[in-house]
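Have a look at the structure below, then the notes.
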Amino acid sequence: MANQASIETRDVRLWYGEFQALKGIDLDVSRGRITGLIGPSGCGKTTLLRCFNRINERYDYVRTEGSLIIDGHNIYAPDVDLIELRKRVGMVFQRPNPLPISIRDNVLYGYRLHTPKAERSRGAEDEALESALKSVQLWDILKDRLGDRATRLQLEQQQKLCIARLLPLKPSIILMDEPCSALDPDATAKVEELIRQIAGEFTILIVTHNMAQARRVSDECVFMLIGEIVEHGRTEDLFIAPKDQRTADYIEGRFG
Amino acid sequence: MSRGETEHTDFSATPMTEASHSRQKIARAFLGIATALLLLPLFAIIGLLVTHGMSAITAEFLLEAPTAGMTAGGIYPAIIGTLWLIGVSLAVAAPIGIMAGIYLNEYAPENWVTRMINLAIVNLAGVPSIVHALFGVGAFVLFLGLGTSILSASLTLAVMTLPVIIASTKEALASVPVAFRHASWTLGASRWQTIWHIVLPNSVSGILTGVILQVSRAAGETAPIMFTGAAFYLPFLPQSVQDQCMALSMHLFTVSTQVPNVPEAFPYATALVLLTLVVTFNFFSIGLRTYLRARRKW
């Protein structure tokens, strides 16, 4: 199991109406590692990310084909339940989006949705809350004001909270869509540090526009261009000795 | 440094900038006057009603039935009738309108059927109330056999207020940021769980405001109830929705135009009571909105 890829996609194609955004994606994402998705705007990296929790599908005009296997199951098979899928595949967004409820309720939101009423207890909730907030280093700062509105926190804390609220669900994969693009450099550094710390436990996929960030944070990197994967390799290899000229041009800033 | 005709090196105003400033002042003045004019009729109406009608407002006027061919007594049955009508129409229109609004904003797919439904709602909102009245007679009084009754009149009012309730519900829901829905969905919440836990608590003030504004509109309408359930004069209070009732708007019409020898103050006093009722509803709505808004922050 440990060596098996966490996500395997075979010939994934996706259309927004008439426009084909993904043109046959074959990708193996290593378990327990951080994989960066890079490429210029419109290359399909965010679209691909959103295939993994099937959040693209809220639009009726999106059509997806091909096979996309997570932990051995094709997540586009008819028996797949979206609620179960999203429990296992969490997502962090570009702009921190804590829910307009208390810090405590934010962290426990998913946990409560997926725990039967009979099994819920104040004690179990307190434990889940403390453990999740400790994992993102917010416990000491926030433990005395867990009843405050999460939307009033600083952006860095909001984004960490958005990561924390995934943890009680024990996801196997966390998708991050430019998680630091709304943060200042200091906050970015802290969130990156957090991402590095929680890696290992989860498979993390991170979309980023920021080359330096991809280099700092990811173990492996995938370079995409107009709906296709150009190159996929260990981050240091891809940045130091790219195999494809287009990769080299992009990371050196010749386009994009 | 000399300042020639074409050379202008400091930041002082030129004839052209002066012209911009004066045009801006004129525009601002006109916009301000228009706003002031808006308030004028409101105060004029209230002033007229108070000066002409206040003298007739007594405990007897508010708490007794009309007597002597409506030339004496009070308007108590009409007040009670109006409360019946808005109560029953609200009980019908609010749940249906809110549920339809939720469906249209949260579930309905983006396709031509939805667009047609939305178009129909907009058009329904523009149908004149007298047309609703005729529809009410045809559909509720005659076809469904409900007779002229509080039920028929309230259903007619409900049909009339529904489109606006739906529209304001949709608007209130749409004002909740999509990012909250994304957060909830990606944590594995169903659409309904997201609506119930996140969307509704943050839009309830807008939804209720829309509903209450429609209640006050229903309270003032005359045409839709005239042929469907409101009576000129009833010596008794309604006991059930199958009875007819008097209503303030209808009574105002009656004492203003249909009955001779009504004391001059009576129509004004009736209008004053109706207006007070409507304004009370509106203030209640504003208060509720302020209260619920203060609790929500993002």
Legend entry - Top-ranked residue of the range A:86-97 - restricted to ones that are in contact with a His (Cβ under 9 Å, 6 or more places away or on another chain) and not in a strand (DSSP E or B), ranked as farthest from the other protein chains (Cβ to nearest Cβ): A:Phe93
Inset, instruction - Please state which one of B:Ala153, B:Ala183 is crowded, with 23+ Cβ neighbours inside 10 Å, within 14 Å of another protein chain (Cβ to nearest Cβ) and not in a loop (DSSP other than H, G, I, E, B). - result: B:Ala183
Legend entry - Exclusive hit being small (Gly, Ala, Ser), under 30 Å from B:Thr270 (Cβ atoms) and in contact with a Ser or Thr (Cβ under 8 Å, 6 or more places away or on another chain), set B:Gly81, B:Gly97: B:Gly97
Inset, instruction - Please determine, by comparing only the residues of the range B:61-118 that are among the aliphatic types (A, V, I, L, M) and part of a loop (DSSP other than H, G, I, E, B), which one is nearest to the other protein chains (Cβ to nearest Cβ). - result: B:Ala108
Inset, instruction - Read through the list (1) charged (D, E, K, R); (2) touching a residue at least 40 places away in the same chain (Cβ under 8 Å); (3) within 27 Å of A:Met176 (Cα to Cα), then give the number of the only condition that B:Arg181 fails. - result: (2)
Inset, instruction - Determine if the range A:106-114 includes at least one residue that is within 14 Å of chain B (Cβ to nearest Cβ), among the polar types (S, T, N, Q) and in contact with a Leu (Cβ under 8 Å, 6 or more places away or on another chain). - result: yes
Inset, instruction - Restricting attention to the range A:139-173, report how many residues are at the interface with chain B (Cβ under 10 Å from one of its Cβ atoms), under 16 Å from A:Val92 (Cβ atoms) and out of contact with any Phe, Trp or Tyr (no Cβ under 8 Å at 6 or more places or on another chain). - result: 2
Inset, instruction - Look at the range A:58-82 and say how many of its residues are within 11 Å of chain B (Cβ to nearest Cβ) and without any contact (Cβ under 8 Å) to a residue 24 or more places away in the chain. - result: 3
Legend entry - Unique match (being in contact with an Asp or Glu (Cβ under 9 Å, 6 or more places away or on another chain) and either in a helix (DSSP H, G or I) or surrounded by fewer than 18 Cβ atoms within 10 Å (Cβ to Cβ) (or both)) among B:Leu272, B:Leu237, B:Leu277, B:Leu252: B:Leu237
Legend entry - Subset tally (residues that are acidic (Asp, Glu) and in a helix (DSSP H, G or I)) for the range A:180-220: 3
Inset, instruction - Residues being touching a Lys or Arg at 6+ places or on another chain (Cβ under 9 Å), part of a loop (DSSP other than H, G, I, E, B) and away from chain B (no Cβ under 14 Å): count how many of those fall in the range A:38-57. - result: 2
Legend entry - Top-ranked residue of the range A:196-227 - restricted to ones that are under 12 Å from the mean Cα position of the chain (by Cα) and surrounded by fewer than 24 Cβ atoms within 10 Å (Cβ to Cβ), ranked as modelled with the lowest pLDDT: A:Ala199
Inset, instruction - Run B:Val176 past the list (1) within 19 Å of B:Ala108 (Cβ to Cβ); (2) assigned to a helix (DSSP H, G or I) and report the number of the one that doesn't hold. - result: (2)
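The values are calculated or read from the model by the stated rules, or taken from the named source; none is laboratory data. A quick note: this is a predicted structure, and the numbers were derived from the prediction, not measured. When we count neighbours, we look across all protein chains shown, and the Cβ atoms used for this are built from the backbone with ideal geometry, even at glycine.
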